[in-house]
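Okay, structure first, notes after.
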Amino acid sequence: MAEHPAYPVGLRLTGRRVVVLGGGQVAQRRLPALIAAGAGIILVSPEVTPSVQAMADAGEITWHQRAYEEGDLADAWYALIATGDTEANTRASAEAERNRVWCVRSDDADEATAWTPATGHSEGVTVAVLTTDARGRDPRHTAAIRDAVVEGLRDGTLVAPHHRTRTPGVALVGGGPGDPDLITVRGRRLLAEADVVIADRLGPRDLLAELPPHVEVIDAAKIPYGRYMAQEAINNALIEHAKQGKSVVRLKGGDPYVFGRGMEEVQALAEVGIPCTVVPGISSSISVPSAAGIPVTHRGVAHEFTVVSGHVAPDDERSLVDWPSLARLTGTLVILMGVDKIGKIAETLVAHGKPADTPVALVQEGTTAAQRRVDATLATVAETVRAEDVKPPAVIVIGEVVEVGPTAGALRK
């Protein structure tokens with residue numbers, strides 16, 4: 001048998017009986033895929049790991065709490081033999097052979113009638129890698145090949161052209177806080193497949209350099225606005241390119257729905273019947289403090305955090321923020337787009353009861369090579385911003401968590 005390569009095939013196990021012998025680590029790793037395939041799973045084992053126990057408790061598998069017995073593989077379509085008892089494994093393997101049940105053995109691949117490939121998934125595609133020669137089976141090598149192919153498909157470095165007509169539409173992609181490595185794998189893949197990318201100033205710029213030459217990149221800040229408001233002009237640009245049958249990505253900084261006006265764009269597209277996919281991004285409200293060594297929550301310090309926009313001053317009639325209530329909270333306050341208004345914000349918080357010595361951290365250009373952190377208090381933050389020449393984009397963190405990290409207070413002014 002070792003002289004011939006394995007024949008690759010995809011098993012459709014939905015509703016079909018699959019027997020797993022053994023409830024240890026091998027079963028724990030293999031069961032999720034069998035469950036996802038819709039198999040009717042019978043697990044036979046005196047003991048199981050806590051994770052396997054949870055699957056049984058949830059009704060995802062049927063667990064017979066005993067050792068293997070002759071006849072357990074009757075009517076099975078597929079079997080996974082993974083007990084720690086070699087003699088039981090041999091008997092079960094022999095039963096599988098007699099009943100013509102394809103059987104995987106974790107302890108002896110040469111005695112199995114089937115091998116489990118190293119598998120991975122990417123947007124409707126399953127990648128399965130098998131070693132063709134039983135005498136030279138190297139699971140680490142096949143796993144490495146699997147990982148390389150899947151990662152390439154996910155991040156767009158391995159581009160597989162679509163030969164069927166793609167449905168034109170728009171994807172709102174959250175690019176994360178700035179570091180190009182912090183975009184989601186789905187967002188990176190959609191970028192690689194785009195015909196047009198309309199990018200925000202705060203989107204991860206380095207990602208644009210990776211795009212193929214044919215991709216049209218449009219800077220949202222430079223779209224001619226004419227008689228239109230800026231957002232309306234961006235909406236029109238999305239609609240125009242999508243109506244031309246193109247795949248359009250709207251690349252935003254952070255998350256599209258966290259002060260990103262993403263819903264306005266979704267609504268504009270929906271009004272003209274253009275499909276839109278929203279891909280969440282890592283919000284700078286959490287990731288930038290984290291990159292600067294600040295946890296927005298910490299046991300015994302803060303059980304809550306609140307994120308607000310600071311682009312409108314507290315005394316502006318357009319403000320929708322209840323600043324007096326925020327001043328009374330004991331948790332963490334994260335302010336986005338508030339650098340130029342921080343003096344008025346700090347004054348308002350103190351006026352409504354927030355201690356003037358409450359720690360404040362400003363993290364400029366978070367997660368990028370230009371990141372820097374400046375510490376202050378509510379009493380000193382306005383002057384500190386001027387003295388340190390803090391510029392947007394910067395995330396402002398107010399609360400005791402500022403002084404939790406190992407470098408806390410090092411730059412406090």
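The values are calculated or read from the model by the stated rules, or taken from the named source; none is laboratory data. Because the structure is predicted, anything quoted here is derived from the model rather than measured. When we count neighbours, we look across all protein chains shown, and the Cβ atoms used for this are built from the backbone with ideal geometry, even at glycine.
Values as computed for the structure displayed
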| quantity | calculated |
| --- | --- |
| Residue check for GLY310: in the same structural domain as ARG205 (by TED's automatic domain parsing), of a type in the set (Gly, Ala, Ser) and surrounded by 16 or more Cβ atoms within 10 Å (Cβ to Cβ) | no |
| Residue in segment 197-207 that is under 30 Å from VAL363 (Cα atoms), modelled with pLDDT of 75 or more, of a type in the set (A, V, I, L, M) and part of a helix (DSSP H, G or I) present | yes |
| From ILE239, ILE234, ILE282, residue being touching a residue at least 40 places away in the same chain (Cβ under 8 Å) and either assigned by TED's automatic domain parsing to the domain that holds ILE183 or part of a loop (DSSP other than H, G, I, E, B) (or both) | ILE282 |
| Some residue of segment 180-195 being within 24 Å of GLY338 (Cβ to Cβ), surrounded by fewer than 21 Cβ atoms within 10 Å (Cβ to Cβ) and among the hydroxyl-bearing types (Ser, Thr, Tyr) | no |
| Which numbered condition ILE398 fails, given (1) closer than 19 Å to ALA291 by Cβ; (2) hydrophobic (A, V, I, L, M, F, W, C); (3) surrounded by fewer than 21 Cβ atoms within 10 Å (Cβ to Cβ) | (3) |
| Residue that is at pLDDT 95 or above, in contact with a Phe, Trp or Tyr (Cβ under 6 Å, 6 or more places away or on another chain) and either farther than 23 Å from VAL401 by Cα or surrounded by 14 or more Cβ atoms within 10 Å (Cβ to Cβ) (or both), where the choices are VAL296, VAL266 | VAL296 |
| Selection from segment 274-303 of residues that are under 17 Å from ALA171 (Cα atoms) and over 14 Å from the mean Cα position of the chain (by Cα) | ILE274, PRO275, CYS276, THR277 |
| Within segment 1-101, helices (runs of 4 or more DSSP H) holding 2 or more residues that are touching a residue at least 60 places away in the same chain (Cβ under 8 Å) and not charged (D, E, K, R) | 25-36, 86-98 |
